[in-house]
1. Near Lys111, which lysines are there with a Cα under 29 Å away, not counting those fewer than 8 places off in the same chain?
2. Exposed loop sites here are trypsin sites (Lys or Arg not before Pro) in DSSP loop states with at most 13 other C-beta atoms within 10 Å. What is the longest stretch of the chain lacking them?
3. Can you give the extra length, in nm with one decimal, that the chain gains between Asp6 and Lys108 once fully stretched, where that is 0.36 nm per residue apart less the Cα-Cα distance?
4. Under DSSP H, which helices of the chain have Cα atoms covering 27 Å or more of the helix axis and a Kyte-Doolittle average no less than 1.0?
5. Taking amide H positions as placed 1.01 Å from N in the peptide plane, with prolines and chain starts having none, which residues 5 or more places from Tyr91, or on another chain, fall under 5 Å of its amide H?
6. Would you mind finding the longest exposed-site-free stretch of the chain, with exposed GluC sites (Glu not before Pro) meaning DSSP loop and at most 11 other Cβ atoms within 10 Å?
7. Is the stretch 12-60 rounded, prolate or oblate when judged by the Cα gyration tensor, a ≥ b ≥ c being the square roots of its eigenvalues, rounded requiring a/c under 1.5 and prolate requiring a/b larger than b/c?
8. Taking amide H positions as placed in the peptide plane 1.01 Å from N, state which residues far from Ile44 in sequence (5 or more) or on other chains have amide H under 5 Å from it.
Amino acid sequence: MSSATDWAREEKRLLDIISFAEMFPSIEVLLIGSVPRTHLPRNISLVGYLKDPKSISEALNSVQAFINFSYKDACPKTVAQANACGLPILYADSGGVSEQVFSGIPIKDTKTFSFEKEIPRLNKEDLLKSSKEFIYLHPELSTREPDLHNDLFEEMLEGYFKVIRSF
């Protein structure tokens, strides 16, 4: 499952979700949120926009994993919701997602610090490699206790404190 308020927002990377679904046609992908009219593979089903947090929680609890390919998202609430439901997450290593994930596999993403004219796509080889690893490790990831002491989170906080102390 993957979730976004509006999949027309380019940074949510609907095209990469479609690529994932095409690479793994036996995996059903559910999308929460408004989806623009576009051709979707048969293994993508639309849940629609869910406003009520209880409905979102019920939808998340009905699946086995969560996908987040968003680009440079500081702290996506959808990842927090997936964590709260104990879902392993396949995610783009972008923005603040890495610090947020308790159990999952990252997909290498661009680390440029610049103003882009368009959102870069995920590299298909990296997407395939990480997705295969995620599928292989899914049973272990699903039963793993949440890593509440996330070193990346600690490093991120230390960076913030360092900047604040410099003033």
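1. Here the lysines satisfying the reach criterion relative to Lys111 are Lys12, Lys72, Lys77, Lys124, Lys129, Lys132, Lys162.
2. Looking at the chain, 52-110 is the longest stretch - no exposed trypsin sites (Lys or Arg not before Pro) with at most 13 other Cβ atoms within 10 Å.
3. Value of the extension gain: 34.3 nm.
4. Details: long enough: 124-143 (28 Å, -0.62).
For the chain, where a helix must reach 27 Å along its axis and average at least 1.0, there are no hits.
5. HN-HN under 5 Å from Tyr91: Asn68, Ile105, Ile107.
6. Working: sites that count: Glu116, Glu118.
Counting at most 11 other Cβ atoms within 10 Å as exposed, the longest clean stretch of the chain is 1-115.
7. Since a/c reaches 1.5 and a/b is larger than b/c, the shape of the stretch 12-60 is classed as prolate.
8. Amide H to amide H, under 5 Å and 5 or more residues apart or across chains, Ile44 pairs with Val29.
Rule-based calculations on the coordinates, nothing more; no lab input. In this text the structure is predicted, and so the values were computed from the model without any measurement. All Cβ positions, even for glycine, are placed from backbone atoms using ideal geometry, and neighbour counts span all protein chains on display.
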